[in-house]
Amino acid sequence: MKTEQDYRRKLIKECLRKEDLCARLLRAVALAAGQAESIKGTFELCLRRICDTTGWALAHVRILAQSDSLGERLPTDIWHVASGERSQDIHAAIESDQFRSGPAWQAKIVRTVRPFVLPEVTQQPGFAGIDVTRHFGLRSALGMPVVVSDKLKAVCEFFSQAFVRSDSLWEEVLASVSAAIAGAIERRWFEQALQDLRTKLLNLQDDERRRLARELHDTTGQNISLVIINLDSLEREAEGLAPAARERLAESGELARRSLQEIRTFSYLLHPPLLDELGVIAALRTFVEGFSERSGIHVDLDLPEHPLSIPRDLEITIFRVVQESLSNVLKHSRSSKAKVHLDFGGGRIAIRVQDEGTGLPGGESGPLPRRIGVGIASMHERVKQCGGQLTLTPRNRGTQLAVTLPIPELAKAVGA
Ligand SMILES: Nc1ncnc2c1ncn2[C@@H]1O[C@H](COP(=O)(O)OP(=O)(O)OP(=O)(O)O)[C@@H](O)[C@H]1O
Ligand SMILES: [Mg+2]
């Protein structure tokens with residue numbers, strides 16, 4: 001006959017076992033959170049690591065709330081099959097069986113926003129005798145809400161072949177684990193929202209630059225052109241004027257011509273019209289020519305012969321990277337030469353901008369300088385937005401900026 005003491009001992013043992021499991025599960029979620037790079041990836045890794053830790057056979061996340069502002073489109077359902085069986089087959093079985101935790105199950109989590117354990121899934125209406133339950137020999141199920149910023153964003157479900165008792169200890173373990181998953185998801189959610197905002201900001205900036213460039217060119221530029229025409233005709237009819245007045249007239253004509261040139265350059269730098277009309281290769285040739293003239297820096301240009309047929313945001317990224325890199329060469333390197341290399345193939349675009357100048361401050365050798373300004377930060381942002389990578393490294397003499405950008409499937413070289 002069991003004594004009171006035996007019962008207590010059993011209880012303490014049970015508590016310690018759950019505490020240990022809880023610690024291992026929290027570690028598993030922390031590991032998953034550190035390794036995953038997206039919201040979907042965080043969910044997937046959490047499911048996998050939790051199943052690895054517990055031996056649970058099947059896991060599922062149903063994502064209830066998505067934010068339209070997020071760049072990442074999330075699937076509604078994410079599954080993990082611990083046995084490694086082909087997930088398509090399992091998915092088909094799950095779909096055909098309508099093996100869902102079911103509206104009743106999910107409605108309960110949505111209503112209570114609390115984790116819970118179903119010790120015998122086969123006793124649940126809809127679960128008994130269905131293929132997936134039989135196939136995996138599922139016995140118990142555990143459900144956890146994922147609450148991010150006070151909103152229920154998802155429901156995680158785990159299915160175990162072993163019996164899991166519904167008790168307060170399990171509820172505590174599940175509550176801690178679901179809070180850890182929610183914390184990991186919340187971080188990714190905010191990162192994603194921030195990234196999305198940055199992308200929007202860059203796009204708005206590009207649109208604004210294009211608008212300003214057009215406005216300057218078409219309005220102010222045209223007005224100054226008219227002023228020049230008027231001044232020229234006045235000059236032709238100015239024989240009767242005093243020499244000082246004629247001189248001022250000539251001076252005004254000269255000033256107007258210079259202003260027109262400056263407006264054209266400024267408007268070009270804001271947004272080169274060739275980028276829209278003839279593409280990035282032609283725009284780069286014209287830009288680099290003008291840059292060399294203005295700066296006195298000789299630029300060796302190594303570009304593909306054929307124009308590229310790539311999306312507009314990639315073209316803008318390539319152009320802005322070269323523009324900012326050459327501006328940095330001029331501002332920081334004291335080099336009299338630079339080399340711009342652009343090639344594409346193997347599904348990626350490679351950009352290199354090299355100089356023979358003073359190098360990064362303090363001979364830095366990281367992928368990026370420690371102190372970066374708006375220039376490198378915004379290049380980095382654009383490149384990241386296109387799924388690429390950027391590094392700025394010292395060379396024997398000078399500095400090299402290297403960018404690789406993946407080319408989307410359909411992009412190709414026109415005529416190549
Ligand atoms: N080609 C280069 N040679 C030497 N140092 C460079 C070069 N390119 C960048 N750097 C270093 O990296 C730093 C960060 O560059 P970044 O373009 O981000 O900012 P910035 O040019 O100083 O200012 P801005 O925000 O106007 O671009 C520079 O201040 C400079 O010290
Ligand atoms: Mg700069």
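The values are calculated or read from the model by the stated rules, or taken from the named source; none is laboratory data. Fair warning: this is a prediction, and the values are worked out from it, not measured in the lab. Backbone-built Cβ (ideal geometry, glycine too); neighbour counts: all protein chains shown. The accessibility values were calculated without ligands, DNA or RNA, using every heavy atom of the protein model including side chains. Shrake-Rupley method; radii C 1.70, N 1.55, O 1.52, S 1.80 Å.
Miscellaneous remarks
- Of all residues in the stretch 370-410, those satisfying the criterion of being near ligand 1 (Cβ under 8 Å from one of its atoms) and more than 19 Å from the chain's Cα centre (by Cα) are 371, 372, 373, 392, 398, 399, 401.
- Subset of the stretch 235-271 (residues that are over 19 Å from residue 283 (Cβ atoms) and in a loop (DSSP other than H, G, I, E, B)): 237, 238, 239, 240, 241, 242
- Among the residues listed as 104, 128, the single one being in contact with a Pro (Cβ under 9 Å, 6 or more places away or on another chain), in the same structural domain as residue 176 (by TED's automatic domain parsing), loosely packed, with under 14 Cβ neighbours inside 10 Å and modelled with pLDDT under 70: 104
- Single residue of the stretch 317-359 satisfying the filter (over 21 Å from residue 285 (Cβ atoms) and basic (Lys, Arg)) that is nearest to ligand 2 (Cβ to nearest atom): 331
- Cβ-Cβ distances below 6 Å connect the following pairs, each with a first residue in the stretch 314-332 that is in contact (Cβ under 8 Å) with a residue 12 or more places away in the chain, a second residue that is open to solvent by 30 Å² or more (accessible area, probe 1.4 Å), and a separation of six or more residues or different chains: 330/295.
- Residues that are open to solvent by 30 Å² or more (accessible area, probe 1.4 Å) and touching a Lys or Arg at 6+ places or on another chain (Cβ under 6 Å), drawn from the stretch 32-63: 53
- In the stretch 320-346, residue farthest from ligand 1 (Cβ to nearest atom) [restricted to those that are touching a Gly at 6+ places or on another chain (Cβ under 8 Å) and part of a loop (DSSP other than H, G, I, E, B)]: 336
- Residue that is farthest from ligand 2 (Cβ to nearest atom) [pool: residues in the stretch 287-316 that are aliphatic (A, V, I, L, M) and closer than 21 Å to residue 377 by Cβ]: 314
- Selection of the stretch 282-309 for residues being assigned to a helix (DSSP H, G or I) and surrounded by fewer than 19 Cβ atoms within 10 Å (Cβ to Cβ) yields 282, 285, 286, 289, 290, 292, 293, 294, 295.
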